[in-house]
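The values are calculated or read from the model by the stated rules, or taken from the named source; none is laboratory data. All values reported here derive from a predicted model rather than from experimental measurement. For neighbour counting, all protein chains shown are included, and Cβ atoms are generated from backbone atoms with ideal geometry for every residue, glycine included. Each accessible area value is taken on the protein alone, full model and side chains, heavy atoms only, with ligands, DNA and RNA left out. Shrake-Rupley method; radii C 1.70, N 1.55, O 1.52, S 1.80 Å.
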Amino acid sequence: MLAAALLAAAIGMIVYGWWSGRSIAASVARAVRGQSRDRRRATLGWAAGITAMYGATTLAALALLGRLDALFDLPPELAAAARTLGIAPLSAIGIRDVGWAIAGGFLGGAILVALTVWRRRRAIDLGYRSPAIAASRAEAGAALVLAAAAGFGEEVFFRLAVPLLVASVFGSGVAGCAVGWALFTIAHRYQGWRAMAAVGLVGLVLAWLYLATGSLWLVVLLHTIVDANALVIRPWLERAFARRSA
């Protein structure tokens, strides 16, 4: 009964926030920002909002269920889902190889950004540009805090809490992972359909990596790096090469 109530609350929170535009994260962000027009304060407000909406609610739910250990050990329900999906545990060498592949992807993306900006003398149009993108070194710190908040909050909520609650209620870890992935994608609807497709793909990779390694903190780190790249590193490259090509 408790798990069902928590699941209904989690799904309702996402659906209502998406439908009304009045999510917990947005409310906290507005409260922190107040009347200030300072971009760093606004970005930190969103970091606080995401932490409250996803991170704090997850910790509360796990505590109520007596499952705080799931933050450090892959829950049996999700381990069973990995076996059902045919996801074999990654060895240390496998994790290393995945790390090199991800690093290569980031490097390739950086080179593509540099070449594109060099030729077109403008930023790449990806369909959505976050208002929290660091436009200067002074704003980079706040953007990195936001990246870390999103990495932690969204991963513990969508990759752990929602799948665990669905599995507890319906007895299927596979269904839990699917619902978590769907809600993760829907929660980014404000970015537009093109960005949602990219978010959905990233969500699949993160879910696979979590089930293959059993390490929630590894996917938290990777999510943080992905967001830091979007908010700080790529914009810095765009500005740097735009100046050089001018």
Nothing charged except the Cβ atoms of Lys and Arg (+1) and of Asp and Glu (-1): what's the magnitude of the dipole of segment 7-83 about its Cα centre? Round to the nearest 20 debye. 580 debye
Cα gyration tensor category, rounded, prolate or oblate, for segment 123-246 with a/c compared to 1.5: prolate
Computed from the coordinates I sent, Rg/Rh (Cα atoms, Kirkwood Rh) equals one of (i) 0.99; (ii) 1.03; (iii) 0.95. Tell me the label. (i)
Which chymotrypsin sites (Phe, Trp or Tyr not before Pro) does segment 134-184 hold that lie in a coil by DSSP with at most 15 other beta carbons within 10 Å? none
Can you give the local net charge around ALA3? Use residues other than it whose beta-carbon is closer than 14 angstrom to its beta-carbon, Lys and Arg +1, Asp and Glu -1. 0
Would you kindly derive the ³J(HN,Hα) couplings of segment 42-48 from the backbone phi angles with the Karplus curve 6.51 cos²θ - 1.76 cosθ + 1.60 (θ = phi - 60°), listing them in order in whole Hz, with x for Gly and Pro? 5, 5, 5, x, 5, 4, 5
Pop out the carbon and sulfur fraction of the accessible area of the chain as a percent, whole number, probe 1.4 Å. 67 percent
Dipole magnitude of the chain, debye to nearest 20 (Cβ charges: Lys/Arg +1, Asp/Glu -1, about Cα centre): 1360 debye
What list of ³J(HN,Hα) values in whole Hz, one per residue of segment 142-155 in order, does the Karplus curve 6.51 cos²θ - 1.76 cosθ + 1.60 (θ = phi - 60°) give from phi, with Gly and Pro shown as x? 5, 5, 5, 4, 4, 4, 5, 5, 5, x, 6, x, 5, 6
Where in segment 129-156 does the label zone of ILE186 land, with the point 7 angstrom along Cα→C-beta and an amide N cut-off under 19 Å? 154-156
Solvent-accessible heavy-atom area per residue, rounded to whole Å², over segment 1-160 at 1.4 Å: 57 Å²
If you build a Gaussian network model of the chain, linking Cα atoms that sit under 10 Å apart, which residue out of LEU206, LEU115, LEU44 swings the most? LEU115
For labels at ALA9 and LEU68 in the simple 7 Å Cα→Cβ model, what's the distance in nm? 1.7 nm
Dipole of segment 1-160 [Lys/Arg +1, Asp/Glu -1 at C-beta], most positive-end residue of PRO75, VAL156, THR51: THR51
Length gained when the stretch ILE93-ARG37 is fully extended (0.36 nm per residue, less Cα-Cα span): 15.3 nm
Neighbours of ALA135 by Cβ distance under 12 Å: Lys/Arg at +1, Asp/Glu at -1, summed charge +3
Local charge sum around LEU144 (other residues, Cβ-Cβ under 13 Å, Lys/Arg +1, Asp/Glu -1)? 0
Classify segment 186-246 as rounded, prolate or oblate from the Cα gyration tensor: take a ≥ b ≥ c as the square roots of its eigenvalues, call it rounded if a/c is under 1.5, otherwise prolate when a/b beats b/c and oblate if not. oblate
Using the Karplus curve 6.51 cos²θ - 1.76 cosθ + 1.60 with θ = phi - 60°, work out ³J(HN,Hα) for each residue of segment 55-62 in order, rounded to whole Hz, and write x for Gly and Pro. x, 5, 5, 5, 4, 5, 5, 5
